[in-house]
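The structure appears below as structure tokens.
The values are calculated or read from the model by the stated rules, or taken from the named source; none is laboratory data. Given the structure is predicted, the values throughout are model-derived calculations rather than measurements. Here the Cβ is made from the backbone with ideal geometry for all residues, glycine too, and neighbour counts use every protein chain on show. Accessible surface is based on the protein model in full, side chains and every heavy atom, while ligands, DNA and RNA are left aside. Shrake-Rupley method; radii C 1.70, N 1.55, O 1.52, S 1.80 Å.
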Amino acid sequence: MIHNKPTRSGRLLTALTFIFLYAPILVLIIFSFNSTKSRTVWTGFTFDWYIKLFNNDAIMTALGTTLLVSALAAVIATIAGTFASVGLYAMKRRPRELLLQVNNIPVTNADIITGVSLCILFVFLGKFLGFELGFGTLLIAHVTFNIPYVILSVLPKLRQLDKNLFEAAQDLGCSWMQAFTKVILPEIWPGVTSGLLMAFTLSIDDFVISYFTAGSVETLSMRIYAMTKKRISPEINAISTLLFLVILALLIIINIREVQQEKKAAKKH
Amino acid sequence: MKNNKLGTLPAIPYIVWMAIFVVVPLILIVFYAFTNEAGGFTMENFSEMGSYAKVFTRSFGLSAIATVICLLIGYPIAYAISKESAMFQRIAMMLVMLPMWINFLLRTYAWMSILENTGLLNTFFDTIGLFDLINWIGVKFASDPAAYEPIKHFQMINTQGAVILGMVYNYLPFMIMPIHSVIVKIDKSMIEAARDLGADSKLTFRKVILPLSLPGVLSGITMVFVPSVSTFILSRLLGGGTTMLLGDLIEMQFMGGAYNPHLGSAIALVMMIVVMICMAIMNHFGDGEDKAVML
């Protein structure tokens, strides 16, 4: 198409933006190998900070908490969200629209609002029921902000479904659960898995909501926040480098999977 | 409706959950905002807020500037990427998203080491002799050379500029993604039709592509503005606590020494309402029908 050729200035702009986006990350990574604590002067290569990182109990405990809460929250939110999507799909338009509005509240609200509102609720309930903020409240908070994203990724898949499929399965003798697991679930599976991945990454990345709901429990983000306040140690750089590599690997896997799925879909038609 | 066969029952736990953990907490915020510690009705929390008017204007001002910058950079990039091949686009958008998956605090921490007085940029300027040059000129042209104070670094960290930079850096992907996803979905035949009817590429852009990409722009603006206005990390790490924002103010009422959840709730409520009004006005300008797209 004549009108839609990439321009040189467009490419230059894109390149400059990528430099802007990645320069700080590169700095982080490079200085994770610096032999002194200096964050500006290169003094030699070392792996010390990585070794120190793995021997740092506070960081390792925080990492464990983060992984546990993220995995649990993602699984719970995905199961609840998938069933909820089925229910929403079967609903009449009016109540569904209303519920989707509520569903969008945690998505569009600022994190700090979600965080403090849950904080108030937990403190309020804690006074009556006698519990304190901790892992339980942290988990509830994470499930709460994850579910909407699962629904946003599963519901569109349900809409693409042939409406007669479920009925056909039941006519052929399936129970509700059988029809759901054997017919519906395989069809919406890509939506379910991307919802799960989304929920998991959101949970891992979250700081603000955890900060207000975790009480004395500490997630990795909260640990990093505490460390940045004191301005110490390239261990932070080391952990960023490791996280960056994990995320890069995850994203590449997701993308390869998507490309394969698209190819499969193209073959089908 | 055939799909009613599936039944609405599976949604019940979800509805209960959302009622308890989304709706009730918001009601509690409203309740706290209008009460005092003894539980009686009061408007004091709102009148007390008057002394923080500066924080409100600063928060909304800095966020507005950051949003405009994001739009001015993000739109041309989204447009430029959309012209590339499918493979290029996939990789480019992955690269746009990738920094977002790196912990927000770590990204901001990286900027701290770049912007500090003894940071990378200042060290770089020092190495190329920029400060020597400035000081040499300064001494030459100073009215009283003896009183001239040589500069050793540019003050970049702990300024409002640094906070804006942090907002732009962290939220730029939120602007690029929705705009890109809307532009690629524009029906190519629309563009061809405009060209066939004699519009040049500038006119085609102005009359066809720009209006059709408006929903993406609107959600981009929302996705940059909302987190910017409510941040407390950026102001603390890059603003050095000198530029207090709304997020800081709220955080202090809940976690800090100034513990007062009633005032905190009132501020949060007002912030939420002002943001909602801003978004409503913007959506109104963007034609009632074009609702902002959610990613």
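Taking a ≥ b ≥ c as the square roots of the Cα gyration tensor eigenvalues, with a/c under 1.5 meaning rounded and otherwise prolate when a/b beats b/c, else oblate, which class fits chain B? It would help to have the intermediate numbers written out before the result.
Values: a/c = 2.16, a/b = 1.12, b/c = 1.93.
Since a/c reaches 1.5 but b/c is at least a/b, the shape of chain B is classed as oblate.
Projecting each Cα onto the charge dipole of the protein assembly as shown (Lys/Arg +1, Asp/Glu -1 at the beta carbon, about the Cα centre), which of A:S32, B:S201, B:V270 comes out farthest on the positive side?
B:S201
Can you compute the FRET efficiency between B:M282 and A:Q101 using 1/(1 + (r/R0)^6), with r the Cβ-Cβ distance and R0 = 25 Å? Round to the nearest 0.05. The partial results should precede the final answer.
Values: r = 19 Å, r/R0 = 0.74.
According to the calculation, E is roughly 0.85.
Need one value for A:135-141: mean number of C-beta atoms belonging to other chains within 10 Å of its residues' C-beta atoms.
On the way: counts 0, 0, 0, 0, 0, 3, 2.
For peptide A:135-141, the averaged partner shielding equals 1.
Roughly how many Å² is the accessible area per residue of chain A, as a whole number, for a 1.4 Å probe? Write out the running numbers ahead of the final one.
Working: 13410 Å² over 269 residues.
Spelled out: the 1.4 Å probe surface of chain A, per residue, equals 50 Å².
Counting each DSSP H run of 4 or more residues in chain B as -39500 (n - 2.57), what helix-only mean residue ellipticity at 222 nm follows after dividing by all residues, to the nearest 500 deg cm²/dmol? Spell out each step's value before the answer.
On the way: 15 runs with 191 residues, N = 295.
After summing the helix terms and dividing by the residues of chain B, the value is -20500 deg cm²/dmol.
Under a point-charge model restricted to the Cβ atoms of Lys and Arg (+1) and Asp and Glu (-1), what is the dipole moment magnitude of the protein assembly as shown relative to its Cα centre, in debye to the nearest 20?
Numbers: 41 positive and 33 negative charges, 308 e Å.
Dipole about the Cα centre, nearest 20: 1480 debye.
Using a 10 Å cut-off on Cβ to Cβ distances, tally the other chain neighbours for every residue of A:12-20 and report the average as a whole number. All intermediate terms of the calculation are to be shown ahead of the outcome.
Working: counts 1, 6, 11, 0, 2, 12, 6, 0, 6.
Counting Cβ atoms of other protein chains within 10 Å of each residue's Cβ and averaging gives 5.
Taking all protein chains together and a probe of 1.4 Å, list A:L172, B:L62, B:L120 from the most accessible to the least accessible.
Details: A:L172 155, B:L62 10, B:L120 40 Å².
So the residues, ranked largest to smallest area, are A:L172, B:L120, B:L62.
Set Lys and Arg Cβ to +1 and Asp and Glu Cβ to -1, take the dipole of chain B about its Cα centre, and tell me which of B:A33, B:M177, B:M43 lies farthest positive.
Checked the options; the winner is B:M177.
Is there a quick way to get the dipole size of the stretch A:57-233? I mean about its Cα centre, with the Cβ of Lys and Arg at +1 and of Asp and Glu at -1; what is the value in debye to the nearest 20?
With only Lys, Arg, Asp and Glu charged at Cβ, the dipole is about 320 debye.
Using a 1.4 Å probe, what is the accessible area per residue for chain B, in Å²?
Details: 13800 Å² over 295 residues.
Per-residue value: 47 Å².
Can you pull the accessible area of B:R90 for me, 1.4 Å probe, Å² to the nearest 10?
For B:R90, the solvent-accessible surface is approximately 60 Å².
With a 1.4 Å probe and every protein chain kept in, tell me what percent of the accessible surface of the stretch B:163-294 is carbon plus sulfur. Spell out each step's value before the answer.
Values: 3520 of 5350 Å².
Exposed carbon and sulfur together represent 66 percent of the surface.
For A:C119, A:C174, what's the largest-to-smallest order of accessible area, 1.4 Å probe? Display every interim value, and only then the final one.
On the way: A:C119 10, A:C174 40 Å².
Highest to lowest solvent-accessible surface, that is A:C174, A:C119.
How many Cβ atoms of partner chains, on average, are near each residue of B:58-71 if near means within 10 Å of its Cβ? Mind showing how you got there, number by number?
Working: counts 0, 0, 0, 0, 0, 0, 0, 0, 0, 0, 0, 0, 0, 0.
Average neighbour count from other chains, rounded to a whole number: 0.
In terms of the Cα gyration tensor, with a ≥ b ≥ c the square roots of its eigenvalues, is the stretch A:57-233 rounded because a/c is under 1.5, prolate because a/b exceeds b/c, or oblate? All intermediate terms of the calculation are to be shown ahead of the outcome.
Details: a/c = 2.52, a/b = 2.04, b/c = 1.24.
Prolate is the answer for the stretch A:57-233, as a/c is 1.5 or above and a/b outweighs b/c.
As a test of the definition: with a 1.4 Å probe, what buried accessible area, both sides summed, do you compute for B against A, in Å² to the nearest 100? Working shown, then result.
Working: alone 18000 and 17520 Å², together 27210 Å².
Heavy-atom accessible area buried at this interface is about 8300 Å².
Quick one: net charge around A:V69, please, counting Lys, Arg +1 and Asp, Glu -1 for every other residue with C-beta under 15 Å from its C-beta. It would help to have the intermediate numbers written out before the result.
Numbers: positive: A:R223; negative: A:D205, A:D206, A:E218.
With Lys, Arg at +1 and Asp, Glu at -1, the neighbours total -2.
What ranking of B:M279, B:M244 comes out by heavy-atom accessible area, probe 1.4 Å, highest first?
On the way: B:M279 25, B:M244 55 Å².
The most accessible residue leads, giving B:M244, B:M279.
For chain A, which DSSP H helices look membrane-span-like by this rule: Cα extent along the axis of 15 Å or more and mean Kyte-Doolittle of at least -1.0? Mind dumping the intermediate values first?
Values: long enough: A:8-31 (34 Å, 1.77); A:57-90 (49 Å, 1.61); A:93-108 (22 Å, -0.44); A:111-129 (26 Å, 2.02); A:135-159 (36 Å, 1.21); A:185-205 (29 Å, 0.95); A:220-230 (16 Å, -0.11); A:235-268 (50 Å, 0.78).
For chain A, where a helix must reach 15 Å along its axis and average at least -1.0, the hits are A:8-31, A:57-90, A:93-108, A:111-129, A:135-159, A:185-205, A:220-230, A:235-268.
Based on the Cβ-Cβ distance of A:I252 and A:A71, what FRET efficiency does E = 1/(1 + (r/R0)^6) give at R0 = 25 Å, to the nearest 0.05?
Values: r = 21 Å, r/R0 = 0.84.
My answer for the efficiency is 0.75.
In chain B, which helices (entire DSSP H runs) extend 20 Å or more along their own long axis, judged by Cα positions, while averaging at least 0.0 on the Kyte-Doolittle scale? Display every interim value, and only then the final one.
Details: long enough: B:53-82 (42 Å, 1.41); B:160-185 (37 Å, 1.20); B:214-230 (24 Å, 1.56); B:261-285 (36 Å, 1.83).
Qualifying helices: B:53-82, B:160-185, B:214-230, B:261-285.
Heads up, I need the accessible area for A:D205: 1.4 angstrom probe, whole protein in place, Å², nearest 10.
Here the residue's solvent-accessible area equals roughly 40 Å².
In nm, to one decimal, how far is the modelled label at A:A15 from the one at B:A19, with both set 7 Å along Cα→Cβ?
It is 5.9 nm.
Simple spin-label model, 7 Å along Cα-to-Cβ: A:K127 to B:D144 in nm?
6.2 nm
Using the charge dipole of the protein assembly as shown (Lys, Arg: +1 at Cβ; Asp, Glu: -1 at Cβ; taken about the Cα centre), state which of A:V107, B:L246, B:T8 has its Cα farthest towards the positive end.
Checked the options; the winner is B:T8.
Assign unit charges at the C-beta atoms only (+1 for Lys and Arg, -1 for Asp and Glu), then state the dipole size of chain B relative to its Cα centre in Debye, rounded to the nearest 20. Don't skip to the answer; put the middle values down first.
Working: 17 positive and 18 negative charges, 182 e Å.
Using Cβ point charges on Lys, Arg, Asp and Glu, chain B gives about 880 debye.
What is the calculated FRET efficiency for B:V68 to B:L203, with r their C-beta to C-beta distance and R₀ = 30 Å, to the nearest 0.05? Mind showing how you got there, number by number?
Values: r = 25 Å, r/R0 = 0.83.
Result of the calculation: an efficiency of 0.75.
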